[in-house]
Amino acid sequence: MLCLFVSILLIIGVQRPTSVHGVPARGGDKKLVPKFISHGQTFRAVIGDTLVLPCEVQDLGAFVILWRRGSAVLTADKIMVTRDERYRLVDGFNLEIGNVMPQDAGDYVCQIGDGDTRDQIHTVEILESQMTCQMSEDEPLPSGEKASEGFQITLEKVDRHQAGVYQCTASNGVGEPVTVDMQLDVLYAPEVEVERSWVHSGEGYEAQLVCIVHGEPQPSTVWYQDSFTLEPTERRTMDSRGNKHTLTIRNVQSSDFGNYSCVAENSLGKSRKYMELSGRPSPAQFRSPPYSTSKNSYNLTWLVESYPPLEEVRLLYRKLMLNDSYQTPGKWHDVVLQPSNGETFSHLMSYTIRNLESASVFEAIVQAKNRYGWNEVSDLYQFYTRGPGEHVYDFPADPNMKDMELIAPSSGQSSSGHLAISSFILVLFSTSAFQLT
């Protein structure tokens with residue numbers, strides 16, 4: 001053992017005639033200072049994994065690299081000092097640890113034997129699927145279960161929701177109980193959610209696209225427009241706060257409209273979610289109550305958001321025939337309306353449908369168009385007319401709400417509107433159990 005220790009000191013202290021890269025060392029050349037090009041990191045590994053700790057050095061020259069753990073020397077140059085066969089050098093001076101065990105946790109030091117360069121330190125954390133503690137635990141676990149007095153907690157089908165701090169309390173009835181907190185980290189591939197899959201904006205305005213990313217190890221997040229990676233510009237910024245990642249586009253241009261995606265990746269996998277930034281109007285949201293104030297008419301009110309002025313609005317409604325076992329839809333009535341654009345991008349619109357049958361059920365859909373095109377068709381909205389003998393309520397009308405101007409009668413379907421009507425019918429076939437007659 002004494003001879004081995006002396007030989008190591010000699011290796012460190014003696015300059016070799018050539019560098020590790022095979023470049024001859026010349027006494028007259030300018031001295032090159034070695035430096036690390038890898039960085040100290042914290043590595044988390046599961047028992048049984050294989051772990052590689054990097055140690056990459058530029059301009060090593062004739063100096064020697066050592067790996068240490070505490071006071072123990074693991075390697076010196078290419079010589080394996082430790083007798084543990086799980087350790088070996090790979091791809092230069094990177095230290096590989098095979099079949100990782102709990103006792104491998106701790107700090108590992110990569111050192112250049114020049115006496116000047118700061119050591120590079122890697123920290124290894126070992127994650128175990130089972131925690132053992134003699135304890136009495138009556139607080140609920142993150143899974144919702146409660147632990148009884150015993151020596152261990154076994155967590156099955158572990159997912160990210162079970163990560164966190166577990167508290168172990170031990171007591172023998174003498175003195176105060178002793179409590180220890182244990183952090184459980186769960187490794188899993190990234191999971192991505194989006195706040196809104198469809199984001200509405202207008203030229204000259206600001207738009208924000210947000211995705212929520214979970215993953216361990218911490219994933220890296222990249223934004224794409226179509227298939228192109230996005231980088232920050234004067235108008236475009238990417239911010240991350242915890243799990244929330246935000247793409248902000250200021251002074252939106254027409255070229256900014258399109259499909260975006262948020263891609264998160266870590267060592268365990270990759271996940272992607274899509275969003276659309278659009279200048280088209282938002283889908284109509286109905287605001288009127290479902291029950292009519294009269295027997296033969298109904299005032300339908302809805303809200304559409306659009307930064308450019310609306311060019312056209314189309315309303316379709318039909319009666320439903322109901323019995324005890326099924327409902328049969330009637331014929332669609334198509335109404336083309338001329339919108340009145342105000343000073344805001346929120347358009348609250350109203351139209352009174354007349355000559356309806358009393359004591360009946362109807363359904364309606366609305367679609368709006370601006371210079372970027374038609375919006376998505378609204379959800380089906382059901383409304384009801386009063387029957388004979390029912391009290392007719394006379395609610396005061398909103399003085400700011402006026403019926404929209406009728407362009408085309410409800411019985412006709414103009415050729416200019418054929419495309420929009422077709423889109424209504426296609427959506428209805430895919431989202432409703434009703435069939436058009």
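Element breakdown for segment 209-342 at a 1.4 angstrom probe: carbon and sulfur atoms account for 47% of the accessible area.
If R₀ is 45 angstrom, what is the calculated FRET efficiency for the pair E96 and E176, using the beta carbon separation as r and rounding to 0.05? Present the calculation step by step, with values, prior to reporting the outcome.
On the way: r = 45 Å, r/R0 = 1.01.
The value I calculate is 0.50.
How charged is the neighbourhood of P54? Take every other residue with its Cβ under 11 Å from the Cβ of P54, and add Lys/Arg as +1 and Asp/Glu as -1.
On the way: positive: none; negative: E56, D91, E96.
Taking every Cβ under 11 Å from that of P54, the sum is -3.
Which pairs break 25 Å Cα to Cα here: K295/K369; K244/K270; K35/K244; K244/K273? Over 25 Å Cα-Cα: K295/K369; K35/K244. With the simple spin-label model, which puts each label point 7 Å out from Cα in the Cβ direction, the S340 to T237 separation comes to 4.1 nm.
Just the number please: accessible area per residue for segment 256-390, 1.4 Å probe, all protein chains included, in Å². Intermediate results must be reported in sequence, preceding the final value.
On the way: 6230 Å² over 135 residues.
Value returned for segment 256-390: 46 Å² of accessible area per residue.
Distance between the 7 Å Cα→Cβ label points at S297 and D185: 6.9 nm.
Would you mind classifying segment 172-302 by shape? Square roots of the alpha carbon gyration tensor eigenvalues, ordered a ≥ b ≥ c; an a/c under 1.5 is rounded, otherwise it is prolate if a/b is larger than b/c and oblate if not.
Working: a/c = 3.13, a/b = 1.46, b/c = 2.14.
Oblate, because a/c is 1.5 or more while a/b does not exceed b/c.
Of the whole protein surface, H333 contributes about 70 Å² of accessible area at a 1.4 Å probe radius.
Solvent-accessible surface (1.4 Å probe) assigned to R250 amounts to roughly 90 Å². When I126, I121 are compared by accessible area of protein heavy atoms, the largest-first order is I121, I126, using a 1.4 Å probe. Label sites at D49 and E125, each approximated as a point 7 angstrom past Cα along Cα to Cβ, lie 1.1 nm apart. Taking θ as phi - 60° and the Karplus parameters 6.51, -1.76 and 1.60, the scalar couplings of segment 64-75 work out to 10, 9, 10, 10, 10, 9, x, 8, 8, 8, 8, 9 Hz in sequence order, x denoting glycine and proline. Here K78 sits with roughly 120 square angstrom of accessible surface, probe radius 1.4 Å. On a per residue basis, segment 153-213 carries 59 Å² of accessible surface, using protein heavy atoms and a 1.4 Å probe.
The values are calculated or read from the model by the stated rules, or taken from the named source; none is laboratory data. Fair warning: this is a prediction, and the values are worked out from it, not measured in the lab. Don't worry about glycine lacking a Cβ; one is built from the backbone with ideal geometry, like all the others, and counts go over all protein chains shown. Accessible surface is based on the protein model in full, side chains and every heavy atom, while ligands, DNA and RNA are left aside. Shrake-Rupley method; radii C 1.70, N 1.55, O 1.52, S 1.80 Å.
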